[in-house]
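Participant: Following this message is one structure expressed as structure tokens.
The values are calculated or read from the model by the stated rules, or taken from the named source; none is laboratory data. Since this is a predicted model, take the numbers as computed values, not measurements. Counting neighbours? That spans all protein chains shown, and the Cβs are built from the backbone with ideal geometry, glycine included. Ligands, DNA and RNA are stripped out before the accessible areas are found, and what is left, the full protein with its side chains, is counted by its heavy atoms. Shrake-Rupley method; radii C 1.70, N 1.55, O 1.52, S 1.80 Å.
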Amino acid sequence: FDTIALSQLAKDRVLLSGVRGEAPPATLKVGINELGGYRNSIAIALTGLDIAAKATMVEAAFWDACAFGPDDYESVVSQVIRTDKADPGTNEEATAVWRLTVKDRDEHKTGRAFSGAMVETALASIPGLYSLTGAPSGSEPYGVYRPASIPASAVPQYVHVDGGVVEVGSVAPTGDTAVVVEDTPVEPGDLGPTRALPLGALVGARSGDKGGDANLGVFVRSGSAWPWLDGFLTTERLKALLPETARFAVDRYRLPNLHAVNFVIHGLLEEGVAASTRQDAQAKSLGEWLRARVVEIPEALL
């Protein structure tokens, strides 16, 4: 990916050239899967006025009724999801959501003892309260996935033929074949007036998961826009545009030939997709969220 060059030959015809390879490392990728414990969630509708105050009151009433406190769980995530709108034209547009998710290795703590606590205070709580998760339910087990690496020498390869077993040694090339890409950032220069527009007016993006980490690739279609993207979308700027990533370690990789940068946000998805408490547990929409953020874009590039 460091060396791929793309050329448009004709409509629907693209040439990939200049690709140089490297010898594989002395390690192999592995995935570690295990039972993480049990989890449960409740989601309560917060409708109309005073959303923040209603969320505070509902949460206080819940923990007062619950047999366990927040410190008794291995993980507690409380979120207010503001899907409500001012002067709502529909009941749904008037509604935000308070969502509480707990995780623990003790199934009893995350079962009906947790989910049933809201029922006890529902009629003595905020006006208009109703649950979006329905009746109290039991907890569910969740898995943890961790990508890792191990020495390739620890994983011998065998071929089974006609009842016999033959060990096959590695045929991968060895030696120093490191590819050094000679590329330095290009200053975009003065591009003139700018306009406040969603970043997606100029860039494309694709995102997804790898264990607990999120991958986010961002690209432009033209060589003239690449220096601007490279200079504009720094790690610091990404964290400012996507505040939920600010507390995580982020790696940034430049792919100049593809006019792209790739970010790896470590830990955004917690212990992996099956364990994540994010609404988008696979980070599939992370790129589209970034494209929706309004920034100053040079008019010359639009």
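Participant: How many residues are under 15 Å from Trp98 (Cβ atoms), out of contact with any Ser or Thr (no Cβ under 9 Å at 6 or more places or on another chain) and among the basic types (Lys, Arg) when one looks only at the range 35-85?
Facilitator: 1
Participant: What pairs can you find where one residue is in the range 263-279 and on the phi > 0 side of the Ramachandran plot, the other is surrounded by fewer than 19 Cβ atoms within 10 Å (Cβ to Cβ) and part of a loop (DSSP other than H, G, I, E, B), and their Cβ atoms are less than 6 Å apart, with a gap of 6+ or different chains?
Facilitator: Listed pairs, sorted by first residue: Gly267/Phe248.
Participant: Of all residues in the range 73-100, which are open to solvent by 70 Å² or more (accessible area, probe 1.4 Å), touching a residue at least 12 places away in the same chain (Cβ under 8 Å) and either within 17 Å of Ala113 (Cα to Cα) or over 27 Å from the mean Cα position of the chain (by Cα) (or both)?
Facilitator: Answer for the range 73-100, where residues must be open to solvent by 70 Å² or more (accessible area, probe 1.4 Å), touching a residue at least 12 places away in the same chain (Cβ under 8 Å) and either within 17 Å of Ala113 (Cα to Cα) or over 27 Å from the mean Cα position of the chain (by Cα) (or both): Glu74, Asn91.
Participant: Now for a separate question. Among (1) open to solvent by less than 30 Å² (accessible area, probe 1.4 Å); (2) touching a Lys or Arg at 6+ places or on another chain (Cβ under 9 Å), where does Gly143 come up short?
Facilitator: For Gly143, the failing item is (2).
Participant: Of the residues Gly212, Gly217, Gly164, only one is closer than 27 Å to Tyr38 by Cα and at pLDDT 90 or above; which?
Facilitator: Gly212
Participant: Taking Gln282 and the conditions (1) open to solvent by 60 Å² or more (accessible area, probe 1.4 Å); (2) farther than 30 Å from Trp98 by Cα; (3) in contact (Cβ under 8 Å) with a residue 24 or more places away in the chain, which numbered condition does it fall short on, given that it satisfies the others?
Facilitator: Unmet condition: (2).
Participant: Further question: Going by the structure shown, is Pro127 open to solvent by 30 Å² or more (accessible area, probe 1.4 Å), within 20 Å of Gln79 (Cα to Cα), touching a helix residue (DSSP H, G or I) at 6+ places or on another chain (Cβ under 6 Å) and assigned to a loop (DSSP other than H, G, I, E, B)?
Facilitator: Here the answer is no, as Pro127 does not meet what is asked.
Participant: Looking at Gly192, Gly138, Gly116 in this structure, which one is small (Gly, Ala, Ser), more than 33 Å from the chain's Cα centre (by Cα) and either farther than 28 Å from Ala61 by Cβ or surrounded by fewer than 17 Cβ atoms within 10 Å (Cβ to Cβ) (or both)?
Facilitator: Gly192
Participant: Follow-up question, since we're still on this one. Quickly run through the range 34-66 and pick out the residues that are surrounded by fewer than 12 Cβ atoms within 10 Å (Cβ to Cβ) and either touching a residue at least 60 places away in the same chain (Cβ under 8 Å) or within 30 Å of Gly169 (Cβ to Cβ) (or both).
Facilitator: Glu34, Leu35
Participant: Something else now. In the list Asp162, Asp183, Asp209, which residue meets the criterion of being loosely packed, with under 14 Cβ neighbours inside 10 Å, within 30 Å of Val294 (Cα to Cα) and among the acidic types (Asp, Glu)?
Facilitator: Being loosely packed, with under 14 Cβ neighbours inside 10 Å, within 30 Å of Val294 (Cα to Cα) and among the acidic types (Asp, Glu) holds for just one of Asp162, Asp183, Asp209, which is Asp183.
Participant: Could you list all residues from the range 255-272 that are in contact with a helix residue (DSSP H, G or I) (Cβ under 6 Å, 6 or more places away or on another chain) and open to solvent by 20 Å² or more (accessible area, probe 1.4 Å)?
Facilitator: His259
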